Amino acid sequence: MKPFMNAKFIVSAEKLSQCPDFKLPEYALLGRSNVGKSSFINGLANNKKLAKTSNTPGKTRLINFFNFSDNFIIADLPGYGYAKVSKEAQNRWQKYLEEYLLKREQIKTLVQLVDGRHEIQKNDFQMREWLMAYNLPVITVITKVDCISKNKIPSAVAHVKKEFGGEIFPFSAVDNRYNEKILEYFCAE
């Protein structure tokens with residue numbers, strides 16, 4: 001398998017009732033604002049312009065769907081933990097996202113992204129507890145591993161494995177050597 005796939009943006013949706021009806025397995029990306037969800041999509045697609053990246057956290061405000069070579073769909077969700085929007089808008093997002101996460105039948109697995117440069121944050125733990133409370137399938141991707149020294153990557157993976165368990169994948173938007181294992185996982189599901 002190539003370390004990347006042909007991918008294209010399909011559509012954006014604010015809530016579950018607006019989500020398209022795909023027959024492909026869907027992987028929903030969860031993570032704090034600015035954790036690298038868009039860079040993750042672009043890295044797997046080998047296309048830096050596919051998903052819009054920003055230095056300003058909280059830019060993604062809709063669920064954005066991407067088709068990867070008709071093998072699977074990635075749904076990029078708004079980040080949690082930071083956004084310069086009103087409490088009312090945050091509460092609306094939370095309601096729509098909970099409905100999507102709990103009722104979207106196409107979701108195969110949730111993908112929680114955590115920043116490899118930092119300790120796991122409180123809101124990452126809160127999200128994982130919420131996912132576990134509903135017994136939702138989840139794997140973890142450690143982003144920005146190119147920003148930590150190569151000899152510290154195994155201990156970062158071990159730390160996240162100890163805290164969260166399950167499948168753990170390192171990822172770098174700069175170095176695509178991690179892509180193949182992630183893509184194999186998505187295609188094998």
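The values are calculated or read from the model by the stated rules, or taken from the named source; none is laboratory data. This structure is a prediction, so every number in the text was calculated from the model and none was measured. Note that we place each Cβ from the backbone using ideal geometry, even for glycine, and neighbour counts take in every protein chain shown.
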Could you figure out which of (1) modelled with pLDDT of 95 or more; (2) loosely packed, with under 13 Cβ neighbours inside 10 Å isn't true of VAL138? (2)
In the stretch 78-93, how many residues are part of a helix (DSSP H, G or I) and closer than 16 Å to GLN18 by Cα? 2
Across the stretch 156-182, which residue is nearest to LEU44 (Cα to Cα) among those that are in a loop (DSSP other than H, G, I, E, B) and aliphatic (A, V, I, L, M)? ALA173
If you take the residues of the stretch 133-155 that are assigned to a helix (DSSP H, G or I) and within 18 Å of the chain's Cα centre (by Cα), which of them is nearest to ARG32 (Cα to Cα)? VAL145
Is there a residue in the stretch 13-32 that is more than 23 Å from ALA173 (Cα to Cα), among the aliphatic types (A, V, I, L, M) and assigned to a strand (DSSP E or B)? yes
Test each condition in (1) modelled with pLDDT of 90 or more; (2) in contact with a Pro (Cβ under 7 Å, 6 or more places away or on another chain) for PRO25 and report the one that comes out false. (2)
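Could you say whether any residue in the stretch 110-123 is at positive phi and not in a helix (DSSP H, G or I)? Break it down into steps so the answer makes sense when it comes.
Initial filter on the stretch 110-123 (at positive phi): none.
There is no residue in the stretch 110-123 that is at positive phi and not in a helix (DSSP H, G or I).
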For ALA13, are the conditions met, namely being at pLDDT 90 or above, touching a strand residue (DSSP E or B) at 6+ places or on another chain (Cβ under 6 Å) and farther than 20 Å from PHE186 by Cβ? yes
Please go through (1) loosely packed, with under 15 Cβ neighbours inside 10 Å; (2) closer than 25 Å to ASN6 by Cα for PHE169 and return the number of the only condition it doesn't satisfy. (1)
If GLY79 passes every condition in (1) at pLDDT 95 or above; (2) within 16 Å of the chain's Cα centre (by Cα) but one, which one does it miss? (1)
Taking interchain pairs and intrachain pairs at least six residues apart, which have beta carbon atoms under 8 angstrom, with the first residue in the stretch 84-105 and touching a residue at least 60 places away in the same chain (Cβ under 8 Å) and the second small (Gly, Ala, Ser) and part of a helix (DSSP H, G or I)? none
